[in-house]
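This report refers to the structure that appears directly beneath it.
The values are calculated or read from the model by the stated rules, or taken from the named source; none is laboratory data. Since the structure is predicted, the reported quantities are computational estimates derived from the model, not experimental observations. Don't worry about glycine lacking a Cβ; one is built from the backbone with ideal geometry, like all the others, and counts go over all protein chains shown. Keep in mind that these areas ignore ligands, DNA and RNA; they rest on the heavy atoms of the full protein, side chains included. Shrake-Rupley method; radii C 1.70, N 1.55, O 1.52, S 1.80 Å.
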Amino acid sequence: NADAAMYRAKELGRDNVQFYAPEFNSSGHERFLLQEELRNALARGEFTLLYQPQVDLRSGHVFAVEALIRWKHPSLGLISPIKFIPLAEETGLIVPIGDWVLHEACRQNKAWQDDGLPPMVVCVNVSARQFKESNLINRVVNALKDCDLEAKYLELELTESLIMQNVDMAVSTMNALQSLGVQISIDDFGTGYSSLSALKTFPVARLKIDKSFINDLVTDENDQAVASAVISLGQKLNLRVIAEGVETNDQVAFLRKNNCDEMQGYHFSKPVSAQGIAKLLNKEQGGHTSME
Ligand code: C2E
Ligand code: MG
Ligand code: MG
Ligand code: MG
């Protein structure tokens with residue numbers, strides 16, 4: 001039976017089925033199969049984190065990295081989080097998986113500090129169910145304590161749509177996180193529907209302009225309008241603004257001209273391993289020393 005399941009998994013992999021697609025959802029068997037694979041993945045150590053640098057546009061320094069989960073399945077290969085996070089969310093597996101991400105990101109950040117890298121913030125994505133159902137505050141407290149990481153070096157990324165599902169509840173959880181000293185940013189900003197009056201009351205440090213507005217930034221006037229509006233909104237509300245998905249010089253030039261604070265994207269670096277980050281920051285640090 002396990003063999004049959006594995007065979008099915010290979011079939012799925014070969015056809016590159018999108019596991020969150022409606023046709024997949026309608027098939028109990030396929031859902032069950034991938035759920036089982038997902039359920040085992042944590043115990044089998046199939047998850048890893050990559051880290052993508054976030055860069056200050058004025059100084060050019062890396063001040064933070066975003067932790068991005070990867071699933072290496074022994075026969076399906078590398079599975080994108082875009083495929084398995086929604087399934088993990090549906091099944092509730094996101095709670096233990098998300099807890100693992102939180103711990104691993106904090107542990108790694110502390111390890112970089114212990115290795116003498118300049119301290120930086122690690123950003124962790126939090127999904128809706130994790131935020132609503134899993135006693136997030138306790139989990140965050142425990143992760144920080146277990147890893148001996150100061151709260152100011154952890155940031156949680158919440159999407160705009162997650163926050164808008166229940167604004168009152170979200171604000172009280174965000175307030176509790178903020179009083180721990182943990183920072184909060186709003187991910188995929190511009191794709192949801194936060195009212196500007198609500199945004200004013202959110203205890204958040206940063207807005208992340210969704211990469212769908214950055215892709216065609218140089219040619220699409222609507223995207224330019226959205227991006228520059230978000231940047232000035234951030235300035236007026238005293239929030240930092242980061243652009244995600246920045247790939248080209250022209251995009252960087254637009255963002256600089258419009259006083260965007262920060263950027264993240266392939267232009268500077270793809271998501272890389274923990275060692276990759278250490279190498280990158282050692283180089284950066286070396287650069288400073290030689291200038292002094
Ligand atoms: P996100 O949080 O908005 O993360 C940004 C995504 O954009 C990442 O995709 C990143 O690799 C990609 N990206 C960054 N720079 C560029 C660029 O210049 N060009 C392009 N085309 N893409 C760029 P990734 O790693 O595949 O993650 C996709 C989504 O999966 C994330 O979107 C996030 O919503 C979710 N995710 C990833 N890791 C976790 C996790 O640990 N927990 C939870 N709950 N969700 C996660
Ligand atoms: Mg994110
Ligand atoms: Mg995003
Ligand atoms: Mg996203």
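Miscellaneous remarks
- Meets criteria (over 16 Å from F63 (Cα atoms) and away from ligand 1 (no atom under 16 Å from the Cβ)) for D146: yes
- One residue from K270, K257, K236 being at pLDDT below 95 and among the charged types (D, E, K, R): K236
- Exactly one residue out of I82, I69 is of a type outside the set (G, A, S), out of contact with any Ser or Thr (no Cβ under 6 Å at 6 or more places or on another chain) and assigned to a helix (DSSP H, G or I): that is I82.
- Evaluated against (1) touching a Leu at 6+ places or on another chain (Cβ under 8 Å); (2) within 16 Å of ligand 4 (Cβ to nearest atom), I97 falls short on exactly one condition, (2).
- Scanning region 51-77 for residues that are within 12 Å of ligand 1 (Cβ to nearest atom) and either within 17 Å of A274 (Cβ to Cβ) or touching a Leu at 6+ places or on another chain (Cβ under 8 Å) (or both) turns up Y51, Q52, P53, Q54, V65, E66, A67, L68, I69, R70, W71.
- The selection criterion, being away from ligand 2 (no atom under 16 Å from the Cβ) and open to solvent by 20 Å² or more (accessible area, probe 1.4 Å), does not hold for P86.
- Restricting attention to region 181-221, the residues being in contact with a Phe, Trp or Tyr (Cβ under 7 Å, 6 or more places away or on another chain), open to solvent by 30 Å² or more (accessible area, probe 1.4 Å) and either more than 18 Å from Q235 (Cβ to Cβ) or among the hydroxyl-bearing types (S, T, Y) (or both) number 1.
- Residue check, A143 surrounded by 15 or more Cβ atoms within 10 Å (Cβ to Cβ), of a type outside the set (F, W, Y) and more than 16 Å from ligand 3 (Cβ to nearest atom): yes
- Restricting region 97-108 to residues that are away from ligand 2 (no atom under 16 Å from the Cβ) and either at pLDDT below 95 or of a type in the set (A, V, I, L, M, F, W, C) (or both), the residue that is least open to solvent (accessible area, probe 1.4 Å): C106
- Considering only residues in region 35-66 that are among the small types (G, A, S) and in a helix (DSSP H, G or I), the one that is most open to solvent (accessible area, probe 1.4 Å) turns out to be A43.
- Of the candidates S161, S80, the single residue that is under 24 Å from L196 (Cβ atoms) and surrounded by fewer than 17 Cβ atoms within 10 Å (Cβ to Cβ) is S161.
A quick yes/no check of all residues on (1) part of a strand (DSSP E or B); (2) touching a strand residue (DSSP E or B) at 6+ places or on another chain (Cβ under 6 Å); (3) more than 14 Å from ligand 1 (Cβ to nearest atom); (4) of a type outside the set (A, V, I, L, M, F, W, C):
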| site | (1), (2), (3), (4) |
| --- | --- |
| S232 | no, no, yes, yes |
| N238 | no, no, yes, yes |
| V241 | yes, yes, yes, no |
| D250 | no, no, no, yes |
| A253 | no, no, yes, no |
| R256 | no, no, yes, yes |
| N259 | no, no, yes, yes |
| M263 | yes, yes, no, no |
| F268 | no, yes, no, no |
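- In the set K283, K208, K279, only one residue is within 16 Å of ligand 4 (Cβ to nearest atom) and out of contact with any Lys or Arg (no Cβ under 8 Å at 6 or more places or on another chain); that residue is K208.
- Selected residue (only one of A227, A176 is open to solvent by less than 50 Å² (accessible area, probe 1.4 Å), of a type in the set (G, A, S), at pLDDT 95 or above and within 15 Å of ligand 1 (Cβ to nearest atom)): A227
- Those residues of region 53-96 which are of a type in the set (K, R) and at pLDDT below 90, in sequence order: K83
- Considering region 131-165, and only residues there that are among the polar types (S, T, N, Q) and farther than 23 Å from P271 by Cα, the residue that is nearest to ligand 4 (Cβ to nearest atom) turns out to be S161.
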